[in-house]
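Below you'll find the structure, written out as structure tokens, and then a few comments.
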Amino acid sequence: MIKVLLAEDHNVVRNGIKSILEKDTGLEVVAEATNGKQALELLEKGFKADIILADVNMPEMNGMEMTTLVKQQFPKVKVIILTMLDHEKYIVQAFKNGASGYILKNITSDELVFCIKHVCNNDDRYICSELSLRMLDKLIHKPEVVVPNEKSEIELSKREVEILALIAEGYTNLEIADKLFTSKRTVEGHRQNLIDKTQSRNTAALIRYAILSGIIS
């Protein structure tokens, strides 16, 4: 029997969640709280819970703060965040604070029960399917960033490295020519050769390549 502590400040929502959980013979709601502070006090009083199902936005102490304190004081108790907040920053923060699950309030009752059992029985983390698919889609459509491989760096001459460093510092072709006692045309030729060698689109991309490759810092 998995013992659940509900932390939710809206009575109607809390009662609805309790009704769903009590229909499953493997779950038992052992206590209810209207904020994170109450949830902690219940644990301190001796209420035994395997899982705390908590909202984020609650008075006195929110779900994020509560999660941090629960993991510090009652490390064996697992926290699942049940919320309407679907922004990535909240998801990341919840897991950083020690949460074992992050689910939205619009999930099905089946997924809610599955999440609780999965987290408790497998000692694993869980994120609801809607958020998982959304984050997967974001990764799929994210532009690919090619980072140069150090082992396949393009060989540059000492003079090219000197010019590249000066370009990165913002010097113009004429200023670089004066510093290196050469002609402006020669510097222009080196700049173009560097762009061609590194297959960079422009000077900004060239500098980015040089930094990622460790040619300049």
Checked segment 12-53 with the C-alpha gyration tensor, a ≥ b ≥ c its square-rooted eigenvalues, rounded below a/c of 1.5, otherwise prolate if a/b is larger than b/c and oblate if not; verdict oblate
With bins of 5 Å, the percent of all Cα-Cα pairs of segment 87-136 per bin from 0 is 5, 20, 31, 27, 16, 1
Per-residue ellipticity at 222 nm attributable to helices in the chain (runs of n ≥ 4 DSSP H, -39500 (n - 2.57) apiece, nearest 500 deg cm²/dmol) works out to -15500 deg cm²/dmol
Placing +1 on each Lys and Arg Cβ and -1 on each Asp and Glu Cβ in the chain, then taking the dipole about the Cα centre, the residue among L156, L131, G63 whose Cα reaches farthest towards the positive end is L156
Of the residues S200, A177, G189, the Cα lying farthest along the dipole of segment 169-217 towards its positive end, which is defined by charges on the beta carbon of Lys, Arg, Asp and Glu, belongs to S200
The local net charge around K96, scoring Lys/Arg +1 and Asp/Glu -1 for residues other than K96 whose Cβ lies under 14 Å from its Cβ, equals +1
Restricting to Cα pairs under 8 Å and 6 or more apart, the percent relative contact order of the chain works out to 13 percent
Here the relative contact order (percent) of segment 52-136, from C-alpha pairs under 8 Å and at least 6 apart, is 25 percent
Gyration tensor (Cα only) of segment 50-110 to equivalent ellipsoid, semi-axes in Å sorted down, yields 18, 13, 11
Total charge of the residues flanking Q192 in space, meaning their Cβ is under 15 Å from its Cβ, with Lys and Arg +1 and Asp and Glu -1, is +3
Averaging 1/r across every pair of distinct alpha carbons in the chain and inverting yields a Kirkwood hydrodynamic radius, in angstrom, of 21.3 Å
Contact order relative to length for segment 1-92, counting C-alpha pairs under 8 Å separated by 6 or more residues, stands in percent at 29 percent
Amide H proximity to Y126 below 5 Å, modelled H, separation 5+ or other chain, gives G101, Y102
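Since every read-out is calculated from the coordinates, none of them should be taken as a lab result. Owing to the predicted nature of the structure, the values given are computational and were not obtained by experimental measurement. Cβ atoms come from the backbone with ideal geometry, glycine included; neighbour counts cover every protein chain shown.
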